[in-house]
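Visitor: Before we start, here is the structure in question, set down as structure tokens.
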Amino acid sequence: MAHVNDPEVIRRLLTAPARWAVVGLSDNPRRVAPRIGRYLMDTLGMEVVPVNLEGAEVFGLKGYRELADIPGGVEVVDCFVNSQKVGPVVDQAIEAGAKAVWLQLGVVDEAAAARAAAAGLDVVMDTCPAIEAPRLGVGR
């Protein structure tokens, strides 16, 4: 499938300043999403927009329930949603005009990835920025 896990795309996504919607981001310390949200901000210098079921604030940042609710849109949609539920999030990312979707480690939906790629989005699946950035030697 074209555009999925291309190393050059991954490098660009991790190095170009961008606004990332982190879907599934909460302040629950037992979850991985808060650690990765912090990593995106503190190590990679990204702007993070929390998206969660409650639209709750995280890290003092205004949260949203849906991608469509985010004023100004986002470039990358980082999905901390299980594989069975990620398809609608990918569809929302396409509708919202995102440039890329990043399905986190363990999140795999080939059909959703194909829809995103067909819509012109870059697609990264089943990996994590905190794994890829050190591997590629990027980050602060």
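The values are calculated or read from the model by the stated rules, or taken from the named source; none is laboratory data. All figures in this text were calculated on a predicted structure; none of them were measured in a lab. Methodologically, a virtual Cβ is constructed for each residue, glycine included, from the backbone with ideal geometry; neighbour enumeration extends over all protein chains shown. Calculation scope for accessible area: heavy atoms of the full protein, side chains included, ligands and nucleic acids excluded. Shrake-Rupley method; radii C 1.70, N 1.55, O 1.52, S 1.80 Å.
Visitor: If you go through segment 14-58, how many residues are touching a helix residue (DSSP H, G or I) at 6+ places or on another chain (Cβ under 8 Å) and either loosely packed, with under 14 Cβ neighbours inside 10 Å or not in a loop (DSSP other than H, G, I, E, B) (or both)?
Guide: 16
Rundown of residues vs (1) in a helix (DSSP H, G or I); (2) crowded, with 23+ Cβ neighbours inside 10 Å, yes/no style:
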residue: VAL74; (1), (2): no, yes
residue: PRO88; (1), (2): yes, no
residue: GLN92; (1), (2): yes, no
residue: TRP102; (1), (2): no, yes
residue: LEU105; (1), (2): no, no
residue: ARG115; (1), (2): yes, no
residue: THR127; (1), (2): no, no
residue: ALA133; (1), (2): yes, no
residue: GLY139; (1), (2): no, no
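Visitor: With (1) open to solvent by less than 10 Å² (accessible area, probe 1.4 Å); (2) in a helix (DSSP H, G or I); (3) free of Cβ contacts under 8 Å to residues at least 40 places away in the same chain; (4) among the aliphatic types (A, V, I, L, M) as the list, and ALA111 as the residue in question, which single condition is left unmet?
Guide: Among (1) open to solvent by less than 10 Å² (accessible area, probe 1.4 Å); (2) in a helix (DSSP H, G or I); (3) free of Cβ contacts under 8 Å to residues at least 40 places away in the same chain; (4) among the aliphatic types (A, V, I, L, M), ALA111 violates only (1).
Visitor: Same structure again: Scan (1) charged (D, E, K, R); (2) in contact with a helix residue (DSSP H, G or I) (Cβ under 7 Å, 6 or more places away or on another chain); (3) at positive phi for the single condition ARG115 breaks and write down its number.
Guide: Only one criterion is unmet by ARG115, namely (3).
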